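Beneath this line is the structure, given in structure tokens, with notes to follow.
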Amino acid sequence: MRAKWRAGLLAVSLGLAGILAGCNSDKAGSSDNKSKEEQVTLDIFQFKVEFKDQFETVAKAYEEENKNMKINITTVGGGEDYGAALRSKFSSGNEPAIYNIGGPQDVADWEKKLADLSDSAAAKAALKGTLDGVTVDGKVLGVPYNQEGYGLIYNKNVFEKAGIDPASITDFASLEAAVKELDSQKGELGLEAVFALPGKETWVTGLHLSNAFLAPEFDNNVLTAFDSKSVEFKYSDAFKKVLDLQNDYSVQPTVSLDYSKQVEELFSLQKVAMIQQGNWVYGSIAGIDEEFANNGIGMLPIPVEGYKGDHIPVGIPMYWGVNSNADEAVVKEAKKFLDWLYTSDKGKETVLNDFKFIPAYEGYDSTKISDPLSKAVYEYAEKGKTIGWTFMGYPTGWGQDELGVQIQKYLSDKASWEEVVDATKKAWEDARK
């Protein structure tokens, strides 16, 4: 299977600088031949909680324009395991028409239930390199959601009051010094702690944080990770330092701290100075304090000692897949909907202004990227200061169920760092046999 992927290379910098130059039917949707115009239902099973409301709104608008369409959206994400929920959904026999896949490992797992999207307008408009991880034997089996980046999101006002210049944080030493300075002033700054580390969320630690330190050993290439029989943890010490720094200066206990509390309560209400998250949290912050979201936040790098100290991970978070088990009419309408969403004028406007996405497609105007976190990601990418997203090439479940769970044990003092590394190295090797 893996040999199929060797021809492709995932260019996770994604050419961002040039981004925007310019079945039975009950399984996966249904059709009703009784009406003059064929009625079609699209069941969409998706992971991104941050744009749930906006996505449901645009689906309603699409239904208004296309009277033969009914779109049902189920969102599973945030603190829930989307992969496990998707497997359960398919096992139930109630298969969705459109669902999310994460890259080569997911494509390998779901290939028999993925329609070829090569002829879709969305696939043809996708930026160079963005389809490599979902292309098998010349068939495009998914189209990208968007581009995202993550790092350490910080409170500008708190940093200014503490006398810290964010631009000076370009390596671990300068980050550590800033954290200690903030901690020494947290009473005057009105902080409960410097960080809010959501140790309960294994995707934050086992996927996102780990990626910053594992991607370099795979040359920032998701397909190299997918092909690898083992993981070395070449930057294990650097990984441990950043994890320890967040944990030691975080609201406690971190193992029971979830995404909602981290983003919506502690950071949005300005009770902590920094959180490890990405541009997708803008909407959640704006929903609580729009002024703060628009003018009070920025993004710092995740320093990887021995590699790069001033880079952030940037990549495609998920892809849209269409269920090949669905009726022909459902597959056709699913493609049509995704094409409309990403290539029509109204769809593009929604992607930029409502979803606050950094598009992964040609034909968008970069000046319309409006929120400060997406702008920050775009600027890092323009400067070439990016680390690839390789966690989509981890063995199935390894990032969350193995590494993420082991990190929880470490944060709870139930395992040493060496035990975490040894256990997860073995789990990777066992999965690749």
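The values are calculated or read from the model by the stated rules, or taken from the named source; none is laboratory data. Fair warning: this is a prediction, and the values are worked out from it, not measured in the lab. Surface accessibility is based on the protein's heavy atoms, side chains included, excluding ligands, DNA and RNA. Shrake-Rupley method; radii C 1.70, N 1.55, O 1.52, S 1.80 Å.
Details
- Extension gain, Ala177-Lys60: 0.36 nm per intervening residue step, less the Cα-Cα distance, totals 37.2 nm.
- Accessible surface for segment 241-377, divided over its residues, is 33 Å² per residue with a 1.4 Å probe.
- Taking all protein chains together and rolling a 1.4 Å probe, Asp248 ends up with roughly 110 Å² accessible.
- Cross-link partners of Lys433 among aspartates and glutamates, defined as those whose alpha carbon lies under 12 angstrom from its own and excluding same-chain residues fewer than eight positions apart: Asp227.
- Bridging of Lys180 to lysines at a Cα separation below 18 Å is possible for Lys156, Lys161, Lys240, Lys241, Lys271, once same-chain residues fewer than 8 apart are set aside.
- Here the accessible area of the chain is 44 percent carbon and sulfur, with a 1.4 angstrom probe and all protein chains present.
- Note on Arg87 and Lys161: the extension gain reaches 21.8 nm, defined as 0.36 nm multiplied by sequence separation minus the Cα-Cα distance.
- DSSP-defined antiparallel bridges as percent of all bridges, the chain, nearest 5: 65 percent
- Heavy-atom surface of segment 158-226, accessible at 1.4 Å and reported per residue (Å²): 35 Å²
- Accessible surface of Thr390 - all protein chains present, 1.4 Å probe, nearest 10 Å²: 0 Å²
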